[in-house]
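Below you'll find the structure, written out as structure tokens, and then a few comments.
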Amino acid sequence: MEFDLLWLLALPVFFIFGWVAARIDLNSLLKESRALPKSYFAGLNFLLNEKPDQAVEALIEASNMDPETVELRFALGSLFRRRGETDRAIRVHQNLVERDGLDAEQRLNALSELGQDYLKAGLLDRAEEIFLKLRETAREEEAKGHLLEIYQQEKEWAKAIAVAESLPNHADHVWQVEVAQFHCELAASEILHDQLTEAEAHLAAAIEVNRKCVRATILQGDLASKVGAGETAIGHWKRVEQINPAYLALVARKLLDGYTAMGRSEQALTLLHGFLEQHPSLDLLDAVFQAELENAGPKPAYELVRDELRRNPTLLGLDKLLQAQLMDVSPEKREDLVLVKNLIHTHTRRVARYRCDGCGFKARQFYWRCPGCGGWETYPPRRTEEFDLAP
Ligand SMILES: [Zn+2]
């Protein structure tokens with residue numbers, strides 16, 4: 001009983017404490033707001049009324065008068081960049097860079113933000129210039145990350161290799177896959193321009209940095225094939241099965257052509273059938289189907305897809321089956337079959353795409369680098385229908 005009474009007496013005391021505390025806060029707030037220049041409120045007002053240009057001018061004026069508002073300008077600048085209004089972000093950050101009285105940390109921050117604005121706006125030369133400057137500072141690692149992005153966009157692979165190799169290997173991101181891909185990009189263009197010695201060196205470098213680089217192995221085969229070393233080329237392409245059989249469809253056509261050039265297409269068919277048996281995939285089925293069609297005719301091609309369709313019932317398989325049937329059908333049944341085939345085909349167009357593991361971007365074509373998120377080897381060479389069927 002006595003205890004409760006004590007609490008009752010204490011209540012007004014707490015109330016008075018609360019009132020005093022609130023008044024102190026209110027007073028300091030009022031004092032602070034009087035200290036802020038008028039243009040600051042004008043700026044906020046413009047911002048709230050969706051007049052961003054006037055807001056930028058007013059807030060820049062406010063922060064010229066009051067150094068306390070520098071942080072506000074940083075916030076405003078990154079807000080504009082996030083909204084894709086890069087020209088406004090550039091104006092805000094440019095103004096910060098040129099302003100006197102920033103401490104060293106703030107100046108680096110302003111430069112870095114401006115560089116990111118240029119990068120987002122696609123002004124890669126200007127962005128590069130800024131990040132090259134920042135490479136000599138405490139922001140070195142961050143600057144290198146942006147430079148790597150710039151060089152990839154510009155397809156400056158040699159520069160990208162140099163930057164990536166100077167980055168520390170973080171536990172969450174190892175650069176071997178990317179560096180090997182940069183070497184492959186160089187090699188692919190060198191093979192195209194008959195600079196074969198250079199290409200050979202780049203492919204060796206790719207495999208040295210990433211022994212499991214499928215693309216380098218495929219390109220080694222292409223290079224051998226270009227100088228007429230058919231047997232060596234086949235050896236390289238066949239190695240894809242050991243490295244990563246998911247990519248076998250990418251070499252199926254090359255193997256067939258390689259063997260056919262040496263008059264051994266039978267051997268190619270046996271090999272491809274074995275691949276399909278061991279590592280079934282829609283792209284591989286497509287390649288083997290074409291190979292059968294060209295070498296053995298419509299009947300074996302039809303039997304191949306029929307057996308495969310029993311094993312893995314897919315729309316894309318059915319599409320192939322109808323294609324094979326159409327080649328050997330009586331004129332009166334043909335019309336119906338064409339109708340069904342066209343109907344199926346419109347559906348298969350949707351499920352016959354590749355999908356990026358990183359961002360989900362879908363494309364009809366296979367890419368080593370995702371056009372959506374820029375990730376390397378994020379496209380498994382499997383059609384979306386195969387993912388949807390997977391348990
Ligand atoms: Zn992606």
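The values are calculated or read from the model by the stated rules, or taken from the named source; none is laboratory data. In this text the structure is predicted, and so the values were computed from the model without any measurement. Here the Cβ is made from the backbone with ideal geometry for all residues, glycine too, and neighbour counts use every protein chain on show. These accessible areas exclude ligands, DNA and RNA; they are computed on the full protein's heavy atoms, side chains included. Shrake-Rupley method; radii C 1.70, N 1.55, O 1.52, S 1.80 Å.
Contact order for the range 242-323, expressed relative to its length and based on alpha carbon pairs under 8 Å spaced 6+ residues apart, stands at 24 percent. Annotation: extensible slack from Thr232 through Asp100 equals 41.0 nm (criterion: 0.36 nm per residue apart, minus Cα-Cα distance). Over the range 36-154, Cα pairs under 8 Å with separation of 6+ residues give a relative contact order of 15 percent.
Between helix 104-121 and the chain there is an angle of about 40 degrees, using the helix long axis and the longest principal axis of the Cα atoms. For the set Lys38/Lys120; Lys320/Lys362; Lys212/Lys341, the pairs lying more than 31 angstrom apart at their alpha carbons are Lys38/Lys120; Lys212/Lys341. Ligands, DNA and RNA left out, the accessible area of the chain computed with a 1.4 Å probe is 55% carbon and sulfur. Amide H contacts of Arg383 (H built 1.01 Å from N, in plane; Pro and chain starts excluded): Leu282, Asp283 sit under 5 Å, all sequence-distant by 5 or more or on other chains.
Who wins for biggest fluctuation among Lys238, Lys341, Lys51 in a Gaussian network model of the chain, springs between alpha carbons below 10 Å? Sorting by GNM fluctuation, first place goes to Lys51. Counting only Cβ charges, +1 for Lys and Arg and -1 for Asp and Glu, the dipole size of the range 255-352 around its Cα centre is about 260 debye. Geometric descriptor of the range 205-340, per residue, is 114 Å³ (volume of the convex hull of the Cα atoms). Here the spin labels are modelled as points 7 Å beyond Cα on the Cα-Cβ line, and at Ala75 and Gln153 they lie 2.8 nm apart. Its alpha carbons give the range 36-154 an Rg and a Dmax of 14.7, 46 Å. Counting only protein heavy atoms and a 1.4 Å probe, the range 108-191 has 46 square angstrom of accessible area per residue. Once the C-beta distance of Glu141 and Asn244 is scaled by a Förster radius of 30 Å, the resulting FRET efficiency is 0.45 to the nearest 0.05.
Short-range pairs are left out: with C-alpha atoms under 8 Å and at least six residues apart, the relative contact order of the chain is 6 percent.
Checking Cβ-Cβ separations below 4.7 Å across the chain identifies Cys184, Cys213 as cysteines lacking any candidate disulfide partner. Projecting the Cα atoms of Thr197, Gln242, Gln176 onto the charge dipole of the range 169-243 (Cβ charges, centred on the Cα centre) puts Gln242 farthest toward the positive pole.
For the chain, take the longest principal axis of its alpha carbons; what is the angle in degrees between that and the long axis of helix 196-209, to the nearest 10 within 0 to 90? The helix 196-209 is inclined about 60 degrees to the chain. Lysines near Lys159 by alpha-carbon distance under 18 Å, same-chain residues fewer than 8 away left out - which ones? Once the sequence-local lysines are set aside, what remains near Lys159 is Lys133, Lys144.
Remark: the range 275-391 carries 56 Å² of accessible area per residue (probe radius 1.4 Å; ligands, DNA and RNA excluded). The fraction of Cα-Cα pairs per 20 angstrom bin, counted from 0 for the chain, comes to 20, 35, 25, 15, 5, 0 percent, rounded to whole percents. Where does helix 124-134 land angle-wise versus the long Cα axis of the chain, in degrees 0 to 90, nearest 10? Taking the Cα atoms of the chain, the angle to 124-134 is about 60 degrees.
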